[in-house]
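Chemist: Starting off with a structure, shown below.
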């Protein structure tokens, strides 16, 4: 279990997270949703051990992240930031291979599996500079998957993808969850969160506004209170559409 307990985070003197308790269990997809500035990316980065809280603690299987050596933490938690920047113009395969660095390299089978899982096997020898934004986003996700982590934490991994590839990536992440990995995603699309997540955490002004199954956490009442709109859900479970 990857757990934030009573987490508080300050950035530039501002309180960004306030007493947040949230978990990313194994074998499930957890969506983190909320308005802009609600603290979603800060919570995800904190779960990855990349931000120092001013209060509370993040634990991995009941051990504080601060007590786990950085290399061991990198093996167990794969983190995909919102930014899609790549410092060097590597081939796609070499970029994905960087995900093996916490393990000391190697892992050709994991690299090939990661490329296949995001449908980039046929582009493995192309340079990153020749890819579209969506292709680059998938290559960066493959880099995380190549590390074979226990948890995959991804900040808006669907933002640059078209409809087809959004659903391919979600299928890939669902497969990872079925294999026992924990998956936590920052999502702005509430319909995708409703239809694909097992659990949804809704943040509002740095605090947890809702936490539970999608039908509860993304109810019309909660969306109205947090986002200030009057929505309706249409359709059947697993295929719902949000009407505003």
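Chemist: In contact (Cβ under 8 Å) with a residue 12 or more places away in the chain, part of a loop (DSSP other than H, G, I, E, B) and under 30 Å from residue 57 (Cβ atoms) - does that describe any residue in segment 79-100?
Modeler: yes
Chemist: Given the structure, is residue 19 within 21 Å of residue 73 (Cβ to Cβ), part of a strand (DSSP E or B), over 18 Å from the mean Cα position of the chain (by Cα) and touching a residue at least 24 places away in the same chain (Cβ under 8 Å)?
Modeler: no
Chemist: Further question on the same structure: Listed residues 44, 50; which is buried (at least 22 other Cβ atoms within 10 Å of the Cβ) and not in a strand (DSSP E or B)?
Modeler: None of the others qualify; the one that does is 44.
Chemist: Look at residue 67 and say whether it is more than 19 Å from residue 144 (Cα to Cα), surrounded by fewer than 17 Cβ atoms within 10 Å (Cβ to Cβ) and in contact with a strand residue (DSSP E or B) (Cβ under 8 Å, 6 or more places away or on another chain).
Modeler: Judged against the criteria, residue 67 is not a match.
Chemist: So, one more: Taking segment 99-112 as the region of interest, how many residues are surrounded by fewer than 21 Cβ atoms within 10 Å (Cβ to Cβ) and within 17 Å of residue 151 (Cα to Cα)?
Modeler: 5
Chemist: Do we have any residue at all in segment 82-92 that's closer than 30 Å to residue 216 by Cβ, surrounded by fewer than 21 Cβ atoms within 10 Å (Cβ to Cβ) and modelled with pLDDT under 95?
Modeler: yes
Chemist: I'd like the full set of residues that are buried (at least 18 other Cβ atoms within 10 Å of the Cβ) and over 20 Å from residue 159 (Cα atoms), limited to segment 124-143.
Modeler: 124
Residues are listed down the side, and each one gets a yes or a no for (1) surrounded by 18 or more Cβ atoms within 10 Å (Cβ to Cβ); (2) out of contact with any strand residue (DSSP E or B) (no Cβ under 6 Å at 6 or more places or on another chain):
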position	(1), (2)
175	no, yes
182	yes, no
186	yes, no
196	yes, yes
200	yes, no
204	yes, yes
223	yes, yes
229	no, yes
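The values are calculated or read from the model by the stated rules, or taken from the named source; none is laboratory data. Predicted model only: the values in this text are computed from it and were never measured. Glycine gets a Cβ as well: all are built from the backbone with ideal geometry, and neighbour counts include every protein chain shown.
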